[in-house]
Structures are given as structure tokens and as C-alpha cells.
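Engineer: Sharing a structure below in C-alpha cells format, with a few things to ask.
The values are calculated or read from the model by the stated rules, or taken from the named source; none is laboratory data. Here the structure is a predicted model, which is why all the values come from computation and not from measurement. Cβ atoms come from the backbone with ideal geometry, glycine included; neighbour counts cover every protein chain shown. To get the accessible areas, we keep the full protein, side chains included, count just its heavy atoms, and leave off ligands, DNA and RNA. Shrake-Rupley method; radii C 1.70, N 1.55, O 1.52, S 1.80 Å.
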Amino acid sequence: MNAAAYSLDSQVGYLMRKANQRHLAIFSARIPELTPTQFAALARLHERGPLSQNDLGRQIAMDAATTKVMVDRLAKNGFIERSADTADRRRRVVTLTNEGHNAYAASVSAAHAITAETLSPLTTEEAAHFTKLLAKLADPESHP
């Protein structure tokens, strides 16, 4: 393919970044008190219960350094508690506090609305198909 045939407007990375920027703007307008990764952490802890800090980071697709900063901020805001793992004192366990549960509960309906607004240019069938394909791109080994 020659350089003249390259069109940025048709490149998957560029389009995904633009779509993500649109999604982030929608998110910040509807849940201004949390970042998307903070909400993801609260949601995962709500779903799974206490997790090690490293496991939480892996489960919400964050590197260890970024996870630590996010966990520090959530702890500072009173949404989570950290404690030493009883089986391995080097490991930190992250648990939702009552305030964290309340923040999640107060935000979950907005999170549904964010998803609906993000996908609003698509038909119901297109949105379902797009979400399925996006999950495949995000984790190709889980979607043969």
C-alpha cells in the first residue's frame, strides 16, 4: 500500500481514540466525581468483593503504577480500605467501604445511561454486534 492511499479517517486506532474521547466526555458529564477507571474499580470490587491491589489492576486493565495512584485516591476519598493480606503480608487487599458501596450504587444508573448514550448512534442490533466485536478485540484469546 502506498503512502498516498493512507487515510487517517479510516484507521482503526484513530477511530477508536475518537470514540473513546466521546465516551469520556459523556462519562465526565454524567459522573463528574469519578474517573472511568475509578468507577471500574468500584464496579469490580462490588462484583467480586475484596481483591489484591495487583489483581484489581489486572481485572480493570491497568498497570501496577497507575493502579496504585488510583487506589490511593479512592482510599483518600473514603471509597476503599487497604489492608495486609493475612496469607501474604506483602500483598495489599482492597475492599469497598460503605461509602464506596454508596458511590457505586449512586453512579450505576448513570453508567448505564453513559453506555446507552455512547452507543446511541447505532441501532440496537449494531450496538450488540459492536460490543461483541469490541470484546473480541479487547481479549482475542477469550473469543476464538
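Engineer: Go through (1) open to solvent by 70 Å² or more (accessible area, probe 1.4 Å); (2) over 15 Å from residue 40 (Cβ atoms); (3) in a loop (DSSP other than H, G, I, E, B) for residue 61 and report which single condition fails.
Structural biologist: Answer for residue 61: the failing condition is (2).
Engineer: Condition (residue is more than 25 Å from residue 23 (Cα to Cα), of a type outside the set (Ser, Thr, Tyr) and part of a strand (DSSP E or B)) applied to the range 48-58: is it met by at least one residue?
Structural biologist: Yes: one or more hits.
Residue-wise test of (1) touching a Ser or Thr at 6+ places or on another chain (Cβ under 6 Å); (2) in contact (Cβ under 8 Å) with a residue 12 or more places away in the chain.
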{"residue": "65", "(1), (2)": "no, no"}
{"residue": "69", "(1), (2)": "no, no"}
{"residue": "72", "(1), (2)": "no, no"}
{"residue": "82", "(1), (2)": "no, yes"}
{"residue": "85", "(1), (2)": "no, yes"}
{"residue": "88", "(1), (2)": "no, no"}
{"residue": "93", "(1), (2)": "yes, yes"}
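Engineer: Could you please give the count of residues in the range 19-38 that are assigned to a helix (DSSP H, G or I), open to solvent by less than 100 Å² (accessible area, probe 1.4 Å) and either within 22 Å of residue 127 (Cα to Cα) or of a type in the set (Val, Ile, Thr) (or both)?
Structural biologist: Narrowing the range 19-38 to residues assigned to a helix (DSSP H, G or I): 19-30, 36-38.
In the following step, the residues that additionally are open to solvent by less than 100 Å² (accessible area, probe 1.4 Å) were identified as 19-20, 22-29, 36-38.
Okay, now just the ones that are also either within 22 Å of residue 127 (Cα to Cα) or of a type in the set (Val, Ile, Thr) (or both), so 19-20, 22-29, 36-37.
Of the residues in that region, 12 qualify.
Residue by residue, here is whether (1) open to solvent by 60 Å² or more (accessible area, probe 1.4 Å); (2) β-branched (Val, Ile, Thr); (3) in a loop (DSSP other than H, G, I, E, B); (4) on the phi > 0 side of the Ramachandran plot holds:
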{"residue": "100", "(1), (2), (3), (4)": "no, no, no, no"}
{"residue": "105", "(1), (2), (3), (4)": "yes, no, no, no"}
{"residue": "109", "(1), (2), (3), (4)": "yes, no, no, no"}
{"residue": "112", "(1), (2), (3), (4)": "yes, no, no, no"}
{"residue": "115", "(1), (2), (3), (4)": "yes, yes, no, no"}
{"residue": "122", "(1), (2), (3), (4)": "yes, no, yes, no"}
{"residue": "125", "(1), (2), (3), (4)": "yes, no, no, no"}
{"residue": "128", "(1), (2), (3), (4)": "yes, no, no, no"}
{"residue": "132", "(1), (2), (3), (4)": "yes, no, no, no"}
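Engineer: I need a count of the residues in the range 69-92 that are at pLDDT below 95 and either in contact with a Leu (Cβ under 8 Å, 6 or more places away or on another chain) or not charged (D, E, K, R) (or both).
Structural biologist: Of the residues in the range 69-92, 4 are at pLDDT below 95 and either in contact with a Leu (Cβ under 8 Å, 6 or more places away or on another chain) or not charged (D, E, K, R) (or both).
Engineer: Please state which of the following conditions residue 48 fails to meet, knowing it meets all the rest: (1) under 24 Å from residue 98 (Cβ atoms); (2) open to solvent by less than 80 Å² (accessible area, probe 1.4 Å).
Structural biologist: Checking residue 48 against (1) under 24 Å from residue 98 (Cβ atoms); (2) open to solvent by less than 80 Å² (accessible area, probe 1.4 Å), the one that fails is (2).
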